[in-house]
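The values are calculated or read from the model by the stated rules, or taken from the named source; none is laboratory data. Values in this document were obtained by computation on a predicted structure and should not be read as measured data. Every residue, glycine as well, gets a Cβ built from its backbone with ideal geometry; the counts of neighbours run over all protein chains shown. Side chains are part of the model used for accessible areas, which takes the heavy atoms of the whole protein and leaves out ligands, DNA and RNA. Shrake-Rupley method; radii C 1.70, N 1.55, O 1.52, S 1.80 Å.
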Amino acid sequence: MARLDLTRPFLPVSIAVLTVSDTRGPEDDRSGDTLVDRLTAAGHRLAERALVTDDAALIAAKAEAWIADPAVDVIITTGGTGFTGRDVTPDALEPLFDKRMDGFSIAFHMLSHEKIGTSTIQSRATAGLSGTTFIFVLPGSPGACRDAWDGILATQLDYRHRPCNFVEIMPRLDEHLRRG
């Protein structure tokens, strides 16, 4: 059964938050605010925060810069996961994944279904690993960001979470590169 092992120390990670929107600006980015509030309240470091329009090249460029930055452990995006013509975040980021995290999408949709029912199928929330950087692609609503953080990310980004978590495997994410 999942639990926190309080004999282990909390190890903060550095998280970058990217909001993707044609209609939001820094002053009304409620989804980005939700993520920043939750990750800092949990004790993690905000590595950087940015906002870009729904443009695949801009989204990918920002993510690639953060992937290349050793000071960024995790990228969380919000917005652009739907089906309209401007919703391109998964399309921009999934090609950057070295490994897909199919379980994230399944877990997210299970949580979301409890709150919004079948409307959850209108989201293409996804996640993966690029190099040694975890990437989580969330819908653009504060509720979806809250659900993803509270229901999945808060524990998986906490070293104390048992039986396993992402923080404990971070030192081994580049093993394939070190083998020669």
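For this structure, a couple of remarks:
- Filter result for Thr118 (out of contact with any Phe, Trp or Tyr (no Cβ under 9 Å at 6 or more places or on another chain), farther than 24 Å from Asp98 by Cα and open to solvent by 60 Å² or more (accessible area, probe 1.4 Å)): yes
- Within region 86-103, residues that are among the basic types (Lys, Arg) reach partners that are open to solvent by 40 Å² or more (accessible area, probe 1.4 Å) with beta carbons closer than 7 Å, at six or more positions or on different chains, in the pairs Arg86/Asp22.
- Output for region 47-59, where each listed residue is of a type in the set (A, V, I, L, M, F, W, C) and in a strand (DSSP E or B): Ala47, Ala50, Leu51, Val52
- Residues of region 1-54 classified as of a type in the set (D, E, K, R) and touching a helix residue (DSSP H, G or I) at 6+ places or on another chain (Cβ under 6 Å), total: 2
- Set Thr40, Thr23: member being polar (S, T, N, Q), more than 30 Å from Glu168 (Cβ to Cβ) and out of contact with any Pro (no Cβ under 9 Å at 6 or more places or on another chain): Thr23
- Count - residues of region 164-180 that are of a type outside the set (S, T, N, Q) and either assigned to a loop (DSSP other than H, G, I, E, B) or crowded, with 16+ Cβ neighbours inside 10 Å (or both): 8
- Filtered residues of region 94-110 (kept if over 21 Å from Asp150 (Cβ atoms) and aliphatic (A, V, I, L, M)): Leu96
- Of the residues in region 88-102, none is of a type in the set (A, V, I, L, M, F, W, C), open to solvent by 50 Å² or more (accessible area, probe 1.4 Å) and farther than 16 Å from Leu39 by Cα.
- Flag set for Gly128, criterion: touching a residue at least 24 places away in the same chain (Cβ under 8 Å), open to solvent by less than 30 Å² (accessible area, probe 1.4 Å), among the small types (Gly, Ala, Ser) and farther than 20 Å from Ser31 by Cα.
- Residue count for region 4-46 satisfying the condition of being among the small types (Gly, Ala, Ser) and either in a strand (DSSP E or B) or surrounded by fewer than 14 Cβ atoms within 10 Å (Cβ to Cβ) (or both): 5.
- Top-ranked residue of region 68-87 - restricted to ones that are surrounded by fewer than 17 Cβ atoms within 10 Å (Cβ to Cβ) and of a type in the set (A, V, I, L, M), ranked as nearest to His176 (Cα to Cα): Ala68
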